[in-house]
Structure formats: C-alpha cells, structure tokens
1. Quick one: in segment 26-49, of everything that is open to solvent by 80 Å² or more (accessible area, probe 1.4 Å) and in a loop (DSSP other than H, G, I, E, B), which residue is farthest from A70 (Cα to Cα)?
2. Somewhere in segment 50-59, is a residue open to solvent by 60 Å² or more (accessible area, probe 1.4 Å), out of contact with any Phe, Trp or Tyr (no Cβ under 6 Å at 6 or more places or on another chain) and not in a loop (DSSP other than H, G, I, E, B)?
3. Counting only residues that are part of a helix (DSSP H, G or I) and either at pLDDT below 95 or open to solvent by 90 Å² or more (accessible area, probe 1.4 Å) (or both), how many does segment 1-25 have?
Amino acid sequence: MFPNDVVVADGDGAVLIPAALLDEVVAASVEQERLEAWIMEEVNAGAALPGLYPPNEENRKRYEAWAGKAG
C-alpha cells in the first residue's frame, strides 16, 4: 500500500485501488452498477438471466441503446 491508495471493503471482502487507477476504477464501477441495474429490470420483467449476465452481443446492444436514452 502506498500513500493515497484507497481501500474499499464490504461484507464480501476488500480491495486496494492504487491511486493512479482510481479515476478509471470509479468510472468502470459506475458503469457496472448501471449495467447491473438494467439487468435486474430485465429479470424483474421476466427475462431469463442467461445471456443477460454476462450480456451476450444482442443484450449488450439493447443495454447500450437503453443507456443512451437514459443517459
């Protein structure tokens, strides 16, 4: 661990994020949360999980269209 590195912990464990990667990791984590929220909406609407998580090509395109409208 180095100065300005960030430790993030929850009930599942902990990760160390190097300070130099923090902005990139934060951006990726926001996008991942958005994708997972969309997936949950789809599952709650009756869609099957296979092909949604991880998203196949068709569902990735559907998500990107949704995200563009929601954005």
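1. Ranking the candidates gives L49 first.
2. For segment 50-59, residues open to solvent by 60 Å² or more (accessible area, probe 1.4 Å), out of contact with any Phe, Trp or Tyr (no Cβ under 6 Å at 6 or more places or on another chain) and not in a loop (DSSP other than H, G, I, E, B): present.
3. Counting residues in segment 1-25 that are part of a helix (DSSP H, G or I) and either at pLDDT below 95 or open to solvent by 90 Å² or more (accessible area, probe 1.4 Å) (or both) gives 3.
The values are calculated or read from the model by the stated rules, or taken from the named source; none is laboratory data. Computed from a prediction, not measured in an experiment: that's the story for all the values here. As a convention, Cβ positions derive from the backbone with ideal geometry for all residues, glycine included, and neighbour counts pool all protein chains shown. The protein model used for the area step is the full one, side chains on, heavy atoms only, and it has no ligands, DNA or RNA in it. Shrake-Rupley method; radii C 1.70, N 1.55, O 1.52, S 1.80 Å.
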